[in-house]
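Structure record follows, encoded as structure tokens.
The values are calculated or read from the model by the stated rules, or taken from the named source; none is laboratory data. This one's a predicted model, so the numbers in the text were calculated from it and none came from an experiment. No Cβ is skipped: glycine too gets one built from the backbone with ideal geometry, and neighbour counts run over all protein chains shown.
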Amino acid sequence: MNTAIIYCRVSTNKEAQETSLRRQKMELVELANSLGYEIIYTIEEKESGYSLDRPGILQLLDYIRLQKINAVFIQDETRIGRGNAKMAVVHCILKEGVKIITNHDGGELVLSEADSMVLNIVSIVEEYQRKLHNLKIKRGMKRAVENGFRPEENLKNQGNPEGRERISVPISEIVRLRNNRLTFHEIAATLRGLGYDVSKATVHRRYREYQERHDNEV
């Protein structure tokens, strides 16, 4: 069964807003059930939609990254945020391959043409940033090797008893997260949250090794 998180938000602590929170939750539970989703978590908060520093929204993004979530249910697009904050949160959710379903649309979120254009631009810029970053790492490693650096000689389980232990990391999880378009920094942070003491450099190196093995097999 598909899994979902319900996110409800109001902007103030007024009593009328408390009623709005209850109504949002009730209507979204009904919508999720009608669409066949299993609700695994419900988040309610009273914060301004213009702010990104919202405990509930940060918790939502953590759940999406660390668990298998198929959809986020909201009353309408303004509940997820307003202005630039809305676009930032929507982008973070969609790039994880998670659907945003609204009661207002009766299904997946329908973005305006302008909002869709902004998200496309952001995705293109991020992709080129990743490419530039990877090229810088590749160039730096090439220079280091040309100057005599041999990373394989600095590992205990590859012939050097004085070297470091090779860190055990779940390569399948790295590949899955990378396929979901997370940066190596984000993947490292996610794995640390799961109990793996890894750096961004280690994650990048393991991913490169996986790609090289895959290319050789092909």
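Could you list, in sequence order, the residues of segment 60-83 that are assigned to a strand (DSSP E or B) and aromatic (Phe, Trp, Tyr)? The one that is assigned to a strand (DSSP E or B) and aromatic (Phe, Trp, Tyr): PHE73.
Candidates in segment 1-12 are the residues that are among the hydrophobic types (A, V, I, L, M, F, W, C) and within 17 Å of LYS99 (Cβ to Cβ); of these, the one that is surrounded by the fewest Cβ atoms within 10 Å (Cβ to Cβ) is MET1. Only residues that are among the hydrophobic types (A, V, I, L, M, F, W, C) and in contact with a strand residue (DSSP E or B) (Cβ under 9 Å, 6 or more places away or on another chain) were counted across segment 51-75, and they come to 8. Out of (1) modelled with pLDDT of 80 or more; (2) among the β-branched types (Val, Ile, Thr); (3) in a helix (DSSP H, G or I); (4) surrounded by 13 or more Cβ atoms within 10 Å (Cβ to Cβ), the odd one out for ILE137 is which? Answer for ILE137: the failing condition is (1). Residues of segment 192-199 include at least one that is surrounded by 11 or more Cβ atoms within 10 Å (Cβ to Cβ) and either at pLDDT 85 or above or hydroxyl-bearing (Ser, Thr, Tyr) (or both). Residues in segment 117-132 that are closer than 20 Å to GLY97 by Cβ and either in contact with a Ser or Thr (Cβ under 9 Å, 6 or more places away or on another chain) or not polar (S, T, N, Q) (or both): VAL118, LEU119, ILE121, VAL122, ILE124, VAL125, GLU126, GLU127, GLN129, ARG130.
Filter segment 79-120 for residues that are modelled with pLDDT under 95 and among the hydroxyl-bearing types (Ser, Thr, Tyr); which is surrounded by the most Cβ atoms within 10 Å (Cβ to Cβ)? Filtering segment 79-120 for residues that are modelled with pLDDT under 95 and among the hydroxyl-bearing types (Ser, Thr, Tyr), the one surrounded by the most Cβ atoms within 10 Å (Cβ to Cβ) comes out as SER116.
Set side by side, the residues TYR50, TYR7 differ, and just one is closer than 25 Å to LEU182 by Cβ, of a type in the set (Phe, Trp, Tyr) and in contact (Cβ under 8 Å) with a residue 12 or more places away in the chain, which is TYR7.
If you check ILE57, ILE39 for being outside any helix (DSSP H, G or I), in contact (Cβ under 8 Å) with a residue 12 or more places away in the chain and out of contact with any Asp or Glu (no Cβ under 7 Å at 6 or more places or on another chain), only one passes: ILE39.
Comparison of GLU44, GLU15, GLU30 shows that the only residue that is under 24 Å from MET87 (Cβ atoms), surrounded by fewer than 16 Cβ atoms within 10 Å (Cβ to Cβ) and not hydroxyl-bearing (Ser, Thr, Tyr) is GLU44.
Every residue, every condition in (1) at pLDDT 75 or above; (2) in a loop (DSSP other than H, G, I, E, B); (3) in the same structural domain as ALA189 (by TED's automatic domain parsing); (4) on the phi > 0 side of the Ramachandran plot, yes or no:
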| position | (1), (2), (3), (4) |
| --- | --- |
| VAL122 | yes, no, yes, no |
| VAL125 | yes, no, yes, no |
| HIS133 | yes, no, yes, no |
| GLY148 | no, yes, yes, yes |
| ASN160 | no, yes, yes, no |
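Among residues of segment 166-191 being in a helix (DSSP H, G or I), of a type in the set (A, V, I, L, M, F, W, C) and over 13 Å from the mean Cα position of the chain (by Cα), the one that is surrounded by the most Cβ atoms within 10 Å (Cβ to Cβ) is VAL175.
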